[in-house]
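Remarks on the structure that follows.
The values are calculated or read from the model by the stated rules, or taken from the named source; none is laboratory data. Quick caveat: nothing in here was measured; it's all calculated off a predicted structure. Neighbour counts run over all protein chains shown; Cβ positions are idealised from the backbone, glycine included.
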Amino acid sequence: MTLRIEPELAGLRERIRHSAAHVMADVVTTMFPNAKLGIGPPTDDGFYYDFWIEDAFTTEDLEKIEGKMKEVMAKSLPFKYREYPRPDALSMHSDEPLKVEIIEEIPEEEAISTYTHGDFEDLCAGPHVESTGHIPAFKLLSVAGAYWRGDENRQMLQRIYGTAFESQEALDEYLERLEEARKRDHRVLGRELDLFSIHDETGPGLVIWHPKGARVRGLFEDLWKREHYRWGYDLVNTPHVGRAGLWETSGHLENYKEGMYAPMDLDGQDYYLKPMNCPFHVMYYKTGLRSYRDLPMRVGELGAVYRYERGGTLHGMLRVRGFTQDDAHIFCRPDQIADEVSGVLDLTFHLLEKFDFHDYEVMLATRPEKSVGSDEEWELATSSLRDTLDRRGMDYVVDEGGGVFYGPKIDIHIRDAIGRLWQCTTVQFDFNLPRRFDISYIGEDGQEHRPYMVHRALFGSLERFMGMLIEHFGGAFPTWLAPVQAIIVPIADRHHGYAGKVAAALTDAGIRVENDTRNQRMNLKIREAQVQKIPYMLIVGDREEAADAVGVRLRSGEDLGAVPLDELTVRIVSEASIG
């Protein structure tokens, strides 16, 4: 959910933000002598520093810290690099237990370095700007709790977030985007628009879709299914749990156990909630003898999966523990790889454009240090992905070593209405599962051959995609996706009969409509409908009834006046058509 920038500017911002974090740590430990230091790295959007301190920082504290930071920056104190032998470094930080823990984990052969400015010295590898005066613009944003090293069994620290930029203008632009993002926060809009909820009683990270949210979900589920059938996929449904042996064969218990829920003992056998759908799709492949003529096989599923995410990482619908993945796996021959990958990209852009996503950034992630498969397999798969992107004339960034252990991948980031990038589609090769499950096909030569397997998810997950849509549209879904497309507002009780006829006519045309017959003022009803971001508000009174029309107001506030009912019906049906 960040903005991509040029590498040179990104490097400058990293140094500025890292330096600002040091200045903040200097000020905090001066103002609060009992505070112990954790870590203070730069991030894509700013910086933070973790402090071990008994009392939580307040908003007033942040204002005072920010003021003192400006004083330190005005002194333009130089940042100086130093190295120390391990015993000296441990002695220097003897009153900083978290720093001592970091030093003890540094390999013997690595230098232990610090940076100083003025009287403040902090364990750090850098880099930094020249001096505190080279931090042109910054702002402290918030404070939150954070476990040391992200471990819920460790100390709870206080994390102060801030941001810094190369100019006041760039900072102001960021703060404006931040304010716009705040207005679009899917957690707030989800509650206000009655789309979903998450409850401690049912469990953190587990989403309850409300009727309106479920309506939106159903609309893009239907679109997803329809288009996948059109593009040659077969859709399946698989269980929510599987025996331990399945996850042993797949390698999940070996490589992913920390992300899985504890086993359930059923009839003396361990069963696990599934974290992924792929082993079940492989088992479907194994139900018959496959020929080269059967390939490619495209197997898709809107499958519910469950993954244990640490409590501190959960975030509304964007990071959850139970979600529905728009999963598919393609089993193909080596000569089919390029066409299948290109087909996935075609389907991806075809679907995303229907949600008003037109701007993408693409990354090609290559072989990581830890991997399975031969050099020849990796070369074939990576070159197939690269050639597909090159043949399509697509700009992309190579993420060296960023692939998964079982194969290279293409990741597509989509840019939303306020310029943020979201990781969405992923296309991954897998040499691992076909080998582990010993699947094959009979080739033209009559011999058994190992198929290639492509994992791909277009939306990523329905929960995360919904959160993205809420923020992208600011809750004002396009007409085709709006849970309620029109609301009828009768002026007086005597107009309820005509309002019912209008509702029936629109419903017969396939339009999602509500009839607000509450005993409330018309202006209040209209205002509430605008807050609910309903595309059309239809006013009915004596004149409208006499003319077989409705008074039309849009959620934007525009008043279209009286519009014949049949004309309005055609308009809404046209807007609701997505092809």
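Conditions (1) aliphatic (A, V, I, L, M); (2) in contact (Cβ under 8 Å) with a residue 12 or more places away in the chain; (3) in contact with an Asp or Glu (Cβ under 7 Å, 6 or more places away or on another chain), marked per residue:
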residue: VAL216; (1), (2), (3): yes, yes, no
residue: PHE220; (1), (2), (3): no, yes, no
residue: HIS228; (1), (2), (3): no, yes, no
residue: ASN237; (1), (2), (3): no, yes, yes
residue: HIS240; (1), (2), (3): no, yes, no
residue: GLU248; (1), (2), (3): no, no, no
residue: ASN255; (1), (2), (3): no, yes, no
residue: GLY259; (1), (2), (3): no, yes, no
residue: ASP267; (1), (2), (3): no, no, no
Problem - Residue among GLU110, GLU176 that alone is at pLDDT below 95 and assigned to a helix (DSSP H, G or I) - result: GLU176
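Look at LYS68 and say whether it is outside the structural domain of ILE414 (by TED's automatic domain parsing) and farther than 18 Å from ALA144 by Cα.
On the way: outside the structural domain of ILE414 (by TED's automatic domain parsing): yes; farther than 18 Å from ALA144 by Cα: yes.
Yes, satisfied.
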Exercise for the section: Confirm whether ASP194 is touching a Lys or Arg at 6+ places or on another chain (Cβ under 7 Å), of a type in the set (D, E, K, R) and on the phi > 0 side of the Ramachandran plot. Expected result: yes
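Tell me which residues, restricted to segment 179-194, are over 21 Å from GLY322 (Cβ atoms) and in a helix (DSSP H, G or I). Before you say what the answer is, go through the steps one by one.
Of all residues in segment 179-194, those over 21 Å from GLY322 (Cβ atoms) come to 179-185, 188-189, 192-193.
The answer is GLU179, GLU180, ALA181, ARG182, LYS183, VAL188, LEU189, GLU192.
Identify, from the list ARG217, ARG159, the residue that is basic (Lys, Arg) and assigned to a helix (DSSP H, G or I).
Values: ARG159 fails: assigned to a helix (DSSP H, G or I).
Exactly one of ARG217, ARG159 is basic (Lys, Arg) and assigned to a helix (DSSP H, G or I), namely ARG217.
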Practice task
Out of the residues in segment 32-90 that are among the aromatic types (Phe, Trp, Tyr) and not in a loop (DSSP other than H, G, I, E, B), state the one that is farthest from THR116 (Cα to Cα).
Solution key: TRP52
Practice task
Mind listing whichever residues of segment 312-324 are part of a strand (DSSP E or B) and either out of contact with any helix residue (DSSP H, G or I) (no Cβ under 7 Å at 6 or more places or on another chain) or not assigned by TED's automatic domain parsing to the domain that holds ARG450 (or both)?
Solution key: HIS315, GLY322
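Those residues that are among the small types (Gly, Ala, Ser) and out of contact with any Gly (no Cβ under 8 Å at 6 or more places or on another chain), I need them from segment 37-81; list them, please.
Applying the first criterion (among the small types (Gly, Ala, Ser)) to segment 37-81 yields 38, 40, 46, 56, 67, 74, 76.
Of everything in segment 37-81, those that are among the small types (Gly, Ala, Ser) and out of contact with any Gly (no Cβ under 8 Å at 6 or more places or on another chain) turn out to be GLY38, GLY40, GLY67.
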Practice task
Report yes if some residue within segment 402-420 is in the same structural domain as GLY343 (by TED's automatic domain parsing), modelled with pLDDT under 90 and within 14 Å of the chain's Cα centre (by Cα); otherwise report no.
Solution key: yes
Handout entry: Within segment 225-311, strands (runs of 3 or more DSSP E) holding 2 or more residues that are at pLDDT 95 or above
Key = 241-243, 269-273, 297-306
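Do you know which of the residues in segment 33-60 that are of a type in the set (D, E, K, R) and touching a residue at least 24 places away in the same chain (Cβ under 8 Å) is farthest from LEU141 (Cα to Cα)?
Initial filter on segment 33-60 (of a type in the set (D, E, K, R)): 36, 44-45, 50, 54-55, 60.
Add one more test, that the residue is touching a residue at least 24 places away in the same chain (Cβ under 8 Å), and what stays is 36, 44-45, 50.
Working: LYS36: 21, ASP44: 15, ASP45: 11, ASP50: 14 Å.
The qualifying residue farthest from LEU141 (Cα to Cα) is LYS36.
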Handout entry: Scope segment 239-253; condition closer than 9 Å to PRO279 by Cβ and either more than 25 Å from the chain's Cα centre (by Cα) or of a type in the set (Ser, Thr, Tyr) (or both); matching residues
Key = GLY242, LEU246, TRP247, THR249, SER250
Completion exercise
Within segment 195-214, restricting to residues that are in contact (Cβ under 8 Å) with a residue 40 or more places away in the chain and in a loop (DSSP other than H, G, I, E, B), the one that is surrounded by the fewest Cβ atoms within 10 Å (Cβ to Cβ) is GLY203
Fill in the blank from the handout: The condition of being acidic (Asp, Glu) and within 23 Å of LYS99 (Cβ to Cβ) holds, among GLU169, GLU152, GLU173, only for GLU152
Practice task
With the checklist (1) more than 30 Å from ASP356 (Cβ to Cβ); (2) under 25 Å from the mean Cα position of the chain (by Cα); (3) outside the structural domain of ALA328 (by TED's automatic domain parsing) in hand, flag the one item ASP430 doesn't pass.
Solution key: (3)
Completion exercise
In the set GLY150, GLY162, GLY126, the lone residue that is surrounded by 17 or more Cβ atoms within 10 Å (Cβ to Cβ) and touching a residue at least 60 places away in the same chain (Cβ under 8 Å) is GLY162
